[in-house]
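The values are calculated or read from the model by the stated rules, or taken from the named source; none is laboratory data. Model, not experiment: these values are computed from the prediction. Note that each Cβ is placed from the backbone with ideal geometry, even for glycine, and that neighbours are counted across all protein chains shown. The accessibility values were calculated without ligands, DNA or RNA, using every heavy atom of the protein model including side chains. Shrake-Rupley method; radii C 1.70, N 1.55, O 1.52, S 1.80 Å.
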Amino acid sequence: MALLVARDLRQAWQSAGLWLPVAFLLLVASLYPFAVGPDAALLRRSGGGMLWIAALLASLLPVDRLIAPDRDAGVLDQIALRGVGDETLMLARLIAHWLGFGPALMIATLPASALLKLDAATVWMLELGLLIGTPALAALGLLVASLTAGLRSSGALAGLLALPLAVPLLIFGAGTLGDGSGAALKFLGAASLLLVAITPFAAGAAIRAGREW
């Protein structure tokens, strides 16, 4: 398991996949004030939700390299021949995918929040929400990547499929910023736990079905 995670992280590093989500988030945060104006109150009111949208879109950038390149090169078949189950492989890939963008995205949120003039309480809730929600975003990206592997323009198709499925995560994640009861955070945690739990099995089944087909 550890070797599989290390291999996926090394490949992501070599392909610059680790930096694309961070660069995208910071670029969006830099451009947003030009679009809505320099009003600090408006930026504080809307900046947290905008960062959640940026985080969602940033998490989809590496989707095209999660499954398709290894599937086309026969790497997945070679790993299966060595006795590694598809579910184990997908679990390792899920962990590597989250490690590749989740912590870096949370760190990049700090300067992005400063650009949007967010207060400390909002930044704290934003970071907590991303800590809980980014594993779900990673799981969703891996799931749609496994379902669309082998199809033409699979990367773009995976992104289009993931966006509507990620709407509940976006609603609960952005809802944590203005919810003093903590209900949105609990719903976000439940959705994240469900996605992380089912993704290795669903993605593994999709990989097996594609191999048999």
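Placing R0 at 30 angstrom, the Cβ-Cβ distance between A197 and L20 gives a FRET efficiency of 0.65 after rounding to 0.05.
A 1.4 Å probe run over the protein chains yields, for the chain, 48 Å² of accessible area per residue, whole-number rounding.
Using only helices, what value at 222 nm comes out for the chain when you add -39,500 (n - 2.57) per DSSP H run of length 4 or more and divide by the total residues, to the nearest 500 deg cm²/dmol?
Details: 10 runs with 174 residues, N = 213.
Only helices count here, giving -27500 deg cm²/dmol.
Taking one quarter of the surface of the C-alpha convex hull of the chain gives a mean projected area of 11.5 nm². Computed on protein heavy atoms with a 1.4 Å probe, the accessible areas place E87, E127 in the order E87, E127, largest first.
Among the protein heavy atoms of the chain, carbon and sulfur supply 71% of the accessible surface, probe 1.4 Å, non-protein parts ignored.
Counting other Cβ atoms within 10 Å of each Cβ, which trypsin sites (Lys or Arg not before Pro) in segment 21-110 have at most 13 and sit in a DSSP loop? Present the calculation step by step, with values, prior to reporting the outcome.
Numbers: sites: R44, R45, R65, R71, R82, R93; in loops: R82.
When the trypsin sites (Lys or Arg not before Pro) of segment 21-110 are filtered for loop state and at most 13 Cβ neighbours within 10 Å, R82 remain.
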